[in-house]
Amino acid sequence: MSILVTGSSGRVGSAVVSRLLKEGETVRGFDLRASGRAHPDFSEVTGALSDAQAVETAMAGVTHVLHLGAFMSWAPADRARMFEANVEGTRVLLDAAAQAGATRFVFASSGEVYPENVPQFLPVTEEHPLHANSPYGLTKLLGEELVRFHQRAGKMETVILRFSHTQDAAELLDETSFFSGPRFFLQPRIRQQEGFGNHAAADILRAADPGVPAHVVARNENGRPFRMHITDTRDMVEGVLLAMLSENAAGQVFNLGATEPVDLAGLVHAMAASTGLPVVEADLPGAGVWYHTSNDKIRRVLRFEPQWTIERMLEEAVQARRARLAKTGT
Ligand code: NAD
């Protein structure tokens, strides 16, 4: 096998590359950013997914493509760049893979294609209607359509993985983390809501600000705390490998993520018990986030067995935070 991993400098992609190299595979990375990784079985091409020339170079000799590269943004200003990366980039990559004779193409889609935050029924299964309502979710849905087009063409086997929200455990208690900062810490949440133009939410959060660093428990307008899946990157790596290797995966769509959703109020209070920061609770406009996505199919068909519960992730996050604070002397 010769494996091309897009997004090879990213959270999931870099972990997939490490795992494949450990297994003795030959891997080529493709990303806008160089990884700086040095390994005899690893080479990389830096470039944009929509750059046909760069993609063709990266695709030479490749048998398996793990398409994990994407631009994730919910900021209106990023829309054009996101469609360029996620839709046109996926088209370019699929065409190049088919042309080069790749045999399997695994695509990282997202639960935002349903979308999980407005479920028509729970748990959300692969049969749930696809009514993406965010531009990011739409780019993933269009990406899936391009993948299905190639599956129908019959030249290569494709697998669509609808990824759960995914974190490195160490990110959970890091205020500067793209996802966990705004999700669990008040000040980053205020900045995020301002950035999204959600001024009503930002005002509510600001009014609750105790004037010192604090955690935040977001609830919906009826006081219901958020509930969602948070999956450890290491479990996602296992799912991606199963999708690449298993005969049963060909032509299939799977939800990939942790088995149990996380109650964010409980999680934030557990976080506060270790950080010592106060917890602010805020009822924000709207229905909020409250879902459960089924991973039954991937567990049954591919024997996927997630190992990282939120409790295990949090233990690691606490250690990582201690190490960070010791380093900065705070
Ligand atoms: P990440 O942002 O850490 O990594 C994505 C990588 O793609 C980055 O290294 C980035 O440089 C690269 N990239 C972005 N635009 C590019 C372009 N135009 N050309 C080439 N490379 C480009 O994301 P991640 O958490 O590792 O996510 C991996 C995949 O899973 C992505 O496709 C993402 O959309 C999907 N996904 C992630 C989550 C999550 O919660 N992390 C949830 C659902 C789906």
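Bear in mind that the values in this text are calculations on the coordinates, not laboratory data. Only a predicted model underlies this, so the values are computations on that prediction, with no experimental measurement involved. Neighbour counts are summed over all protein chains in view; Cβ atoms, including those assigned to glycine, are modelled from backbone coordinates with ideal geometry.
Annotations for the structure displayed:
- For region 1-100, the spread of Cα positions along each principal axis, largest first, Å: 42, 28, 16
- Summing Cβ point charges (Lys, Arg +1; Asp, Glu -1) relative to the Cα centre of region 134-183 gives a dipole of roughly 420 debye.
- Computed over region 110-244, the P(r) curve from all C-alpha pair distances, binned at 5 Å from the origin, holds 2, 9, 13, 17, 20, 16, 10, 6, 4, 2, 1, 0 percent per bin.
- Distance in nm between pseudo-label sites at residue 247 and residue 300 (7 Å out along the Cβ direction from Cα): 2.1 nm
- Region 250-295 versus region 143-210: alpha-carbon centroid distance in Å: 12 Å
- Potential lengthening between residue 127 and residue 51 on full extension [0.36 nm per residue; Cα-Cα distance subtracted]: 24.0 nm
- In Hz, Karplus ³J(HN,Hα) per residue of region 79-84 (6.51, -1.76, 1.60; θ = phi - 60°; x = Gly, Pro): 4, 5, 5, 5, 5, 4
- When the charge dipole of the chain is built from unit charges on Cβ atoms (+1 for Lys and Arg, -1 for Asp and Glu) and taken about the Cα centre, the candidate among 178, 32, 132 whose Cα reaches farthest toward its positive end is 32.
- Taking a Cβ cut-off of under 13 Å around residue 107, the surrounding Lys, Arg, Asp and Glu residues balance to a net charge of +2, with basic ones at +1 and acidic ones at -1.
- Shape class for region 254-330: oblate, because the ratio a/c of the largest to smallest gyration tensor axis (alpha-carbon atoms, square roots of eigenvalues) is 1.5 or more and b/c is at least a/b.
- Highest GNM mean-square fluctuation among 171, 23, 305, for the chain modelled with Cα contacts below 10 Å: 23.
- Here's the picture: a label point sits 7 Å out from the Cα of residue 212 along the beta-carbon direction, and within region 157-188 nothing has its amide nitrogen under 13 Å of it.
- Most mobile listed residue (255, 222, 295) in the chain, GNM with C-alpha springs under 10 Å: 222
- Proximity of backbone amide H atoms, modeled 1.01 Å from N, is registered between residue 185 and 216 at under 5 Å, excluding neighbours fewer than 5 places apart on the same chain.
- Farthest toward positive dipole pole in the chain [+1 Lys/Arg, -1 Asp/Glu at C-beta], among 87, 66, 18: 18
- Fraction in percent of alpha-carbon pairs per bin - 10 Å, the chain: 6, 25, 34, 24, 10, 1
- Overall shape of region 211-311 was characterised from the C-alpha gyration tensor. The equivalent ellipsoid obtained from it has semi-axes of 34, 16, 9 Å, in decreasing order.
- Helix-only CD estimate at 222 nm, as mean residue ellipticity for the chain, using -39500 (n - 2.57) per DSSP H run (n ≥ 4): -12000 deg cm²/dmol
- Packing-based order for 140-146, 298-304, using average beta carbon neighbours within 10 Å, highest first: 140-146, 298-304
- Distribution of pairwise C-alpha distances over region 46-177, 10 Å bins, in %: 12, 38, 34, 14, 1
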